[in-house]
1. Quick test of your reading of the structure: Thr228 fulfils all but one of (1) more than 30 Å from Trp59 (Cβ to Cβ); (2) without any contact (Cβ under 8 Å) to a residue 24 or more places away in the chain; (3) crowded, with 18+ Cβ neighbours inside 10 Å. Name the failing condition by number.
2. Residue pairs, Cβ under 8 Å, 6 or more apart or interchain, first in the range 305-332 and farther than 26 Å from Cys189 by Cβ, second open to solvent by 40 Å² or more (accessible area, probe 1.4 Å) and assigned to a strand (DSSP E or B). List them.
3. Looking only at the range 105-118, filter to residues that are open to solvent by 20 Å² or more (accessible area, probe 1.4 Å) and in contact with a strand residue (DSSP E or B) (Cβ under 7 Å, 6 or more places away or on another chain); which one of those is nearest to Phe218 (Cα to Cα)?
4. Quickly run through the range 129-138 and pick out the residues that are crowded, with 24+ Cβ neighbours inside 10 Å and either among the β-branched types (Val, Ile, Thr) or in contact (Cβ under 8 Å) with a residue 60 or more places away in the chain (or both).
5. Say we look at the range 292-304 and pick out the residues that are touching a residue at least 12 places away in the same chain (Cβ under 8 Å), surrounded by fewer than 22 Cβ atoms within 10 Å (Cβ to Cβ) and not basic (Lys, Arg); which of these is nearest to Glu331 (Cα to Cα)?
6. Looking at the range 231-240, which of its residues are open to solvent by 10 Å² or more (accessible area, probe 1.4 Å) and in contact with a strand residue (DSSP E or B) (Cβ under 8 Å, 6 or more places away or on another chain)?
7. Show me the helices (runs of 4 or more DSSP H) entirely contained within the range 243-347 in which 3 or more residues are within 23 Å of Met151 (Cβ to Cβ).
8. One residue is enough: does the range 196-208 have a residue meeting the conditions farther than 19 Å from Ala147 by Cβ and of a type in the set (S, T, N, Q)?
Amino acid sequence: MLQGEPRVLGRQQGLALRSQIHANVGALLGDFITGARGPSREIIRAWQKRLRSFCLDHWPWMQEEIAGIAEGAGIDHELAELLSFRAWQYDVYHAGSCSSFALPGSDGNILTGGTLDDPRFLYTIAKVQPTNGLRYLSFPLAGTVWANRGMNEAGLALGISSLLCPGVKFDLERLVPVDLVFRDMLQFCSTVAEVEARCRKFDFFCNLVAVDARGGIFSSSNYGGALTIYPTPDATARLANHPLEPAATALRARGFTGPDPGAYSTDRISQMDAWIAAQRGRVTVAGAQAFLGATGKTGRVNNPNTAFATIAVPQSSPPTLWIAQQPVTTEAFYAFDVRTGAEVSTP
């Protein structure tokens, strides 16, 4: 658990995850440190300066938290910044094979869930209790001020999926790291209307499914200064890693050549479509655990890259997030209170 003022939050994380943070610096920033390959240090530092100015204008507390991480982990402040700003993907936006969905459950309340697919060793599970904002539980990369998939104490649940758009050019001077926007959402938003406002305000690339404690559902593709909000008239949503229509048509005008076949995004959409059609109006948490826990090979919703899976029912269980971590199976889910980070018993 991380608790306190921003610098304290950072220092606590740095001390607790010191070895993992050093490993992440080596794995993700090694080329920057050695200058072995990739963009020049001058290019990265100019990009870093631009992001520092933008981020600290919008989230001034971030400077102190990043400084605390550097102190606690014993790394240079510059490296801590580069981790949080996602410098290793400076000009690649970005990889992943995550899936997100929402649908009405057997009690009429909206159930939402999905997976975070990326190397598990990079990430940690963080229960964060800031002095300013809402308590939340998420899965930051160790050594960062990130958030991503997760839930806060107001009952807002976020499901994210990287938006892969082969052929699309994007403006590096405008893009904001998605993980910092999601941190803002989880710490300061209570409703999907507030999430939508953030999507309109910040330029980032990502697919997003959000559900709040009022039963609101928001589903969007956000693509660097523009977004498509998908209708949810049947109270369902699902997104993988490619844009759906009309976002796909809008992105073709920017060079989009179609879904990346290596991400199996269309296959995972098809699996979620079939499951949602069969389960809409009758799904339970146990049913979602069975779906997300179904083991398989590359191309499935739960695949060898799945680091975490989550389930939430914000209307009826606003403090509770069900989590399974790699290897994700039906039996691997445990329920946690996002206010305390403590494991809880559920019916």
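The values are calculated or read from the model by the stated rules, or taken from the named source; none is laboratory data. Given the structure is predicted, the values throughout are model-derived calculations rather than measurements. Positions of Cβ are generated from backbone atoms using ideal geometry, with glycine treated the same way; all protein chains shown enter the neighbour counts. Quick note on the areas: whole protein, heavy atoms, side chains included, nothing else; ligands and nucleic acids left out. Shrake-Rupley method; radii C 1.70, N 1.55, O 1.52, S 1.80 Å.
1. In the conditions (1) more than 30 Å from Trp59 (Cβ to Cβ); (2) without any contact (Cβ under 8 Å) to a residue 24 or more places away in the chain; (3) crowded, with 18+ Cβ neighbours inside 10 Å, Thr228 misses (1) alone.
2. The qualifying pairs are Ala332/Gln325.
3. Ser106
4. Of the residues in the range 129-138, the ones crowded, with 24+ Cβ neighbours inside 10 Å are 136-138.
Of everything in the range 129-138, those that are crowded, with 24+ Cβ neighbours inside 10 Å and either among the β-branched types (Val, Ile, Thr) or in contact (Cβ under 8 Å) with a residue 60 or more places away in the chain (or both) turn out to be Tyr136, Leu137.
5. From the range 292-304, those touching a residue at least 12 places away in the same chain (Cβ under 8 Å) are 292-295, 298-303; that's our starting set.
Going one step further and asking which of them are surrounded by fewer than 22 Cβ atoms within 10 Å (Cβ to Cβ), we end up with 293-295, 298-300, 303.
Add one more test, that the residue is not basic (Lys, Arg), and what stays is 293-295, 298-299, 303.
Values: Gly293: 7, Ala294: 10, Thr295: 11, Thr298: 21, Gly299: 21, Asn303: 16 Å.
Across the range 292-304, the extreme among qualifying residues is Gly293.
6. Taking the range 231-240 and keeping what is open to solvent by 10 Å² or more (accessible area, probe 1.4 Å), we get 231-236, 238.
Across the range 231-240, the qualifying residues are Thr232, Ala235, Thr236, Arg238.
7. On the way: elements: 247-252, 265-279, 285-293.
Ranges flagged: 265-279, 285-293.
8. no
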